[in-house]
Amino acid sequence: MAAFDDRLRLLLAGPGQSSALLVRSFLYGLRAGLAELPPDDQGVEEAAALVTAIGDLLDGHPPITPALAAPAPAPVVPVADVQPPDALLNALAELRDAVLRDTGEPAAAGPHDDAAQVWTTLHLATLRLPRADAETVRDQAAEIAGRNGAVLTTPAPEDTVAGLTSERLVPGLRIADQVVAPGLSVSPAGRPHPLLRPAGSDVATAPLHALAGQVLTLAERDPWLRHCLQVLEFLGLCELAKPAERRKFGDHLVRRQHAAAGAEPYTAEWLDALVRLHEAVCSAVHLPPAPDDSWWGERRTACHQALAAAARATPDGSVKFPPARYKGVGDLTRQDIAIQLPQRSGQVLACVKAWSRIGGAESQGRVIYAG
């Protein structure tokens, strides 16, 4: 074994070499996969020892940061065959792209020839803005629509998903009594996501289950939504606009929600399942992550609070979240993701996995921070 370790160290020491990159990528993926094993797995103790050994090998060899590509186009929302005025389409597309630039989105452009896509992606982009700024943009969009003969409507029940509060995320849009864009709402009376199970009896954890359904829905409509779920992507962020990535991420999210919904409340199994569900929903982020006073930031905070409440209610269970400055994170996290954002350098932008201790077993968290 010593000879094998020595060979791995020699390969890892070759910066820029294809062999070194391949070995490093494989080891990070293996470690992330082993760390995902459930506590009752027959080989969990041996896996934990191997995770530690891999960590020693990788010491001083950070994950590889991939180059970011422009996101693939989101699926088209089916609507009636209506041709809106060019003035309306162009004005909305210009406003949408301005919002994307304000968020810092590196791929700050989107479809310009599809009215439903332009209208929908404009409003989804505002969910990344501070609330006051988002309302200003929404008012501008409504004024542009009215000036061009369009009417805003309330989304139909089939376009209303389950949520803890009622909110119109994307207004419907009509021209000459024909649907241009159906819109999207969340509401306590909204339809639950068909792939998810009813949440358990503990009401404090309801935000985690609600956001799970909303993330699955928004991943199909928001072409700039990404994920950094470590078991699937240990190098950085993946684009959920790509169907294969969206399917893999969705499968993990659904399995974790089922585990949390089916576990006995206030047990170690329940809290562990919630920690994993929290990681999945909070791993759905934009680039850069939305600020705390945005719609996405508010949902992220609600999920942190829900997980903290669950930990307080579980004997021998605790969770921690990192401070606002990355230099204070210490040993709460590992394999963090750095993005270049000079105006916020040193800030923790999003906690995508909480530090936890359950029944004496510790698991480190993970954050995205501005380098």
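Derivation of every value follows stated rules applied to the coordinates shown; laboratory data play no part. These numbers come from a predicted model, not from an experiment. Heads up, the Cβs are rebuilt from the backbone with ideal geometry, glycines too, and the neighbour counts pull from every protein chain shown.
Observations on the model:
- Gained length - residue 176 relative to residue 132, 0.36 nm times residue gap less alpha-carbon distance: 12.7 nm
- Each label point was placed 7 Å from the Cα along the Cα-to-Cβ direction; for residue 316 and residue 364 their separation is 2.4 nm.
- Rounded to the nearest whole Hz, the Karplus-based 3J(HN,Hα) values (6.51 cos²θ - 1.76 cosθ + 1.60, θ = phi - 60°) of the range 187-200 follow the sequence 6, x, 8, x, 6, x, 5, x, 8, 9, 8, x, 5, x, with x at glycine and proline.
- In sequence order, the range 330-338 has phi-based couplings of x, 9, 6, 9, 8, 6, 6, 10, 9 Hz under the Karplus curve 6.51 cos²θ - 1.76 cosθ + 1.60, θ = phi - 60°, and Gly or Pro positions carry x.
- Under 5 Å from the amide H of residue 347 lie the amide H atoms of 326, 370, each residue being 5 or more positions distant or on a separate chain, with H modelled from the backbone and absent for Pro and chain starts.
- Between residue 151 and residue 46, the simple spin-label model (points 7 angstrom out along Cα→Cβ) gives 6.9 nm.
- Gyration tensor over alpha-carbon atoms, the range 86-197, equivalent ellipsoid semi-axes in Å: 23, 18, 13
- With 21 Å as the limit on Cα-Cα distance, the pairs of 320/353; 248/353; 242/320 that go past it are 242/320.
- Annotation for the range 89-108 versus the range 193-228: alpha-carbon center distance of 26 Å.
- The residues neighbouring residue 346, those whose beta-carbon lies less than 15 Å from its own, together hold a net charge of +2 under the Lys/Arg +1, Asp/Glu -1 convention.
- Contour minus Cα-Cα distance for residue 251 and residue 302 (0.36 nm per residue): 16.1 nm
- Taking the fewest neighbouring Cβ atoms within 10 Å as the starting point, the ordered list for 131, 366 is 131, 366.
- Sequentially through the range 284-299, phi angles give Karplus couplings (6.51, -1.76, 1.60; θ = phi - 60°) of 7, 9, 9, 10, x, x, 5, x, 5, 8, 9, 4, 5, x, 5, 5 Hz, Gly and Pro residues having no value and appearing as x.
- Backbone amide hydrogens, once placed in the peptide plane, bring residue 226 within less than 5 Å of 240, 285, 286, excluding anything fewer than 5 places away on its chain.
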